[in-house]
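The next block holds one structure in the form of structure tokens; read it before the comments.
The values are calculated or read from the model by the stated rules, or taken from the named source; none is laboratory data. These numbers come from a predicted model, not from an experiment. Please note: Cβ atoms are built from the backbone with ideal geometry, for glycine as well, and neighbour counts cover all protein chains shown. Please note that ligands, DNA and RNA were not included when accessible areas were found on the heavy atoms of the full protein model with its side chains. Shrake-Rupley method; radii C 1.70, N 1.55, O 1.52, S 1.80 Å.
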Amino acid sequence: MDFATMLGIILATAVALERLVEFIKPFYLQIKTYFTGKRASECTTTEKKVMTILLGPVMCIIAQIGIDIPNVNESALIQYILAGLVASMGSNVLHAFLSIILAIKNNAESIRNGSVE
């Protein structure tokens, strides 16, 4: 799987995960209101992040969406979980990938030049 295909799959998964969280949020708010006794109109940022971190791997396991990492002989389940965790970053996943690629490029150049930090 080339990088563009992997990035497209992760972006599509991230968008689907955001929609899934928006679908589940009203049910979560009803349960939260029931247990706390206070009417909650919106989730906190932390609650949304926890939902995406929990739902991302579950969604990727059910849909069997994984990151095909070359030269890594890990089970498919671990790759599904990794894809879910990466997708849980939401629409910022593109910026995170670009930051990682830039860091790898900079480290490779520093190693090539002989100045290991």
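What the table below lists for this structure:
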| item | result |
| --- | --- |
| Members of segment 36-66 that are within 15 Å of residue 85 (Cβ to Cβ) and buried (at least 16 other Cβ atoms within 10 Å of the Cβ) | 51, 52, 55, 56, 57, 59, 60, 61, 65, 66 |
| Qualifying residue in segment 14-35 (condition: within 24 Å of residue 96 (Cα to Cα), assigned to a helix (DSSP H, G or I), open to solvent by 50 Å² or more (accessible area, probe 1.4 Å) and of a type in the set (Ser, Thr, Tyr)) | no |
| Considering residues of segment 87-98 that are assigned to a helix (DSSP H, G or I) and aliphatic (A, V, I, L, M) only, the residue modelled with the highest pLDDT | 87 |
| Unique match (being part of a loop (DSSP other than H, G, I, E, B), open to solvent by less than 80 Å² (accessible area, probe 1.4 Å), modelled with pLDDT under 85 and in contact with a helix residue (DSSP H, G or I) (Cβ under 9 Å, 6 or more places away or on another chain)) among 81, 101, 69 | 69 |
